[in-house]
There are 2 protein chains.
Amino acid sequence: MALEHAILVSLLEQPGSGYELARRFDRSIGYFWTATHQQIYRVLRRMENDGWIEVRAVQQQARPDKKEHSVTPAGRAALSAWLRDPVQPDSVRHEIAVKIRGAAFDDPSALITEVERHHQAHADRLTHYLAGELRDFTGPEAPAAPDAGEELQHVVLRGGIAYERMMLAWLEDVLATLRRIA
Amino acid sequence: MALEHAILVSLLEQPGSGYELARRFDRSIGYFWTATHQQIYRVLRRMENDGWIEVRAVQQQARPDKKEHSVTPAGRAALSAWLRDPVQPDSVRHEIAVKIRGAAFDDPSALITEVERHHQAHADRLTHYLAGELRDFTGPEAPAAPDAGEELQHVVLRGGIAYERMMLAWLEDVLATLRRIA
DNA sequence: TCTTTGTATGCAACTCGTTTCATAGACAAG
DNA sequence: CTTGTCTATGAAACGAGTTGCATACAAAGA
């Protein structure tokens, strides 16, 4: 049950509306925890009832009004407690791995296109991450002396980069294996 | 919705009872797709209704009776169709990454123990995978000329090994970063 | 003027997954 | 002879997550 906490982190980094949170969950924090806008609105309501966040109506020009959410001291305390609460490492769920084992009972060459598609998707994501790293952390625009928050965002991004590189290398291994068999 | 298909693959590799499937989902296929026994029983029932599997009652000595499930031609066809159906790459969900970004709003050193725990868990899993690889694929007991099924199982296992190695390296990066900040 | 796109919020229905509880046969240890 | 462990199956309730639908304001373009 980490969506509440992911939202707390995102709102602490920058208060915002449900709509803005949904967009952040399509990039940035969403690289490691996904959510749709319906889920976000529902959880925001619950968090407000629990006193973790407070809502302020904001009038905008040239746009519909929005509700800006920010974290209360109680919300900060809840996040702090969660950070100290040990959770067990997430078990990975790789649909593609199930498919690869299933290929033993079907024509293995039929999977090659699918694996190539995944390879392309991971290559695209890696490119995207590397561009973000250059822009925010390693390029000329980047802060010379990053603060704790920036350091932590960077190390999480490095995790995403390492993951995509690992997947690319593995998918190439898979392709070579499928071609050998077929 | 891949649990049905993961069960089909597992039953094609070896027919078995719900209980046996649940144990396989604690190792082997479960490294890439997890499920509890309740979920397995419920889905088996549905798959039987759909005609994907058939059930045979088996008397056992010194044990309660069991129901052995095996895949029907219709189930095989369903698997085949799924293998050809493009799915989008799974988005990863790393609770630990959310926690790391959250550490910017709390005492970062409080997270060090938690990250060390995760590091240990991944190290254990890597050891386990490597032992399995040696036993089944690279050791003296391994088949000299593996068939397609064994080749595919091995490449999936290599993926697990690569994943654990990547996580270990990244978690060390995270630890170094946390210690630098604290 | 009408359609499309973007911002903004929300309900309802459904599926997926987890947790808790319950039952029952067989064996082994104390 | 009671307790614990392993095998084996399942119901019920809940929580998490997805999909489809609905509404509304405003700008831009055809």
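The values are calculated or read from the model by the stated rules, or taken from the named source; none is laboratory data. Not measured: the values here are computed from a predicted model. Glycine also receives a Cβ, built like all others from the backbone with ideal geometry; neighbour counts cover every protein chain displayed. These accessible areas exclude ligands, DNA and RNA; they are computed on the full protein's heavy atoms, side chains included. Shrake-Rupley method; radii C 1.70, N 1.55, O 1.52, S 1.80 Å.
Using only the alpha-carbon atoms of the stretch B:48-92, report the extent along each of the three principal axes, biggest first, to the nearest angstrom.
Projected onto the principal axes, the Cα atoms of the stretch B:48-92 cover 46, 29, 14 Å.
Where Rh is the Kirkwood radius over the Cα pairs of the protein assembly as shown, the temperature 25 °C and the viscosity 0.890 mPa s, what D in µm²/s does Stokes-Einstein return?
Values: Rh = 22.9 Å.
Result for D is 107 µm²/s.
Tell me the relative contact order for chain B as a rounded percent, counting alpha carbon contacts under 8 Å between residues six or more apart. Let's see the in-between values first.
Values: 146 pairs, mean separation 33.2, N = 182.
The normalised contact order for chain B reaches 18 percent.
Can you give the Kirkwood hydrodynamic radius of the stretch A:86-161 from its Cα pairs, in Å with one decimal? The partial results should precede the final answer.
Working: mean 1/r = 0.0645 Å⁻¹.
Its Kirkwood hydrodynamic radius stands at 15.5 Å.
Roughly how crowded by other chains is peptide A:158-171, in terms of the mean Cβ count from those chains within 10 Å of each of its Cβ atoms?
Working: counts 5, 12, 4, 1, 6, 7, 2, 2, 9, 6, 0, 4, 9, 2.
Taking the mean over all residues of the peptide, I get 5.
I want to verify a result. In a Gaussian network model of chain B, Cα cutoff 10 Å, which of these has the top mean-square fluctuation: B:R93, B:R23, B:R42?
In this elastic network of chain B, the residue with the biggest mean-square fluctuation among B:R93, B:R23, B:R42 is B:R93.
Give me P(r) over chain A, computed from all C-alpha to C-alpha distances, binned every 10 Å, as integer percentages.
With 10 Å bins starting at 0, P(r) equals 8, 26, 28, 23, 11, 4, 0.
Measure off, as a whole percent, the carbon and sulfur share of the 1.4 Å-probe accessible area of the protein assembly as shown, all protein chains present. Before the final figure, lay out each step's value.
Numbers: 9150 of 18260 Å².
Here it works out to 50 percent.
Counting only other chains, and only Cβ atoms inside 10 Å, what mean value do you get across the residues of A:172-182?
Working: counts 0, 5, 5, 1, 1, 7, 4, 0, 3, 7, 1.
Other-chain Cβ atoms within 10 Å of each residue's Cβ, averaged: 3.
How large is the helix-only mean residue ellipticity at 222 nm for the protein assembly as shown, computed as the sum of -39500 (n - 2.57) over DSSP H runs with n ≥ 4, divided by its residue count, in deg cm²/dmol to the nearest 500? Please list the in-between numbers first.
Values: 14 runs with 218 residues, N = 364.
Estimated from H runs of four or more residues: -20000 deg cm²/dmol.
For A:G16, list long-range residues whose amide hydrogen, built 1.01 Å from N in the peptide plane, is under 5 Å from its own amide hydrogen.
A:H69
Using amide H atoms built 1.01 Å from N in the peptide plane, name the residues 5+ places from B:I53, or on other chains, whose amide H lies under 5 Å from its own.
B:E48, B:T72
Is the stretch A:61-116 best put as rounded, prolate or oblate by its Cα gyration tensor, with a ≥ b ≥ c the root eigenvalues, rounded for a/c under 1.5, and otherwise prolate when a/b is larger than b/c, oblate when not? Can you show the working numbers first?
Values: a/c = 7.64, a/b = 1.87, b/c = 4.08.
It is oblate, given that a/c is not under 1.5 and a/b is not larger than b/c.
Could you tell me the distance between the Cα centroids of the stretch A:2-78 and the stretch B:153-182, to the nearest Å?
The stretch A:2-78 and the stretch B:153-182 have Cα centres spaced 30 Å from each other.
Output the DSSP H helices from chain A with an along-axis C-alpha extent of no less than 27 Å and a mean Kyte-Doolittle hydropathy no less than 1.6.
Working: long enough: A:110-133 (36 Å, -0.63); A:148-181 (49 Å, 0.27).
Span-like helices here: none at all.
For the stretch B:1-79, what percent of Cα pairs sit more than 14 Å apart?
In whole percent, the share of Cα-Cα pairs in the stretch B:1-79 beyond 14 Å is 58.
What ranking do A:11-21, A:61-71 get when scored by the average of other Cβ atoms within 10 Å per residue, highest first? Could the numbers behind the result be given before it?
On the way: A:11-21: 18.0, A:61-71: 12.5.
In descending order of packing, they fall as A:11-21, A:61-71.
Pull up all non-local amide H partners of A:K66: gap of 5 or more, or a different chain, and H-to-H distance under 5 Å with H placed in the peptide plane.
For A:K66, the qualifying residues are A:V58, A:Q60.
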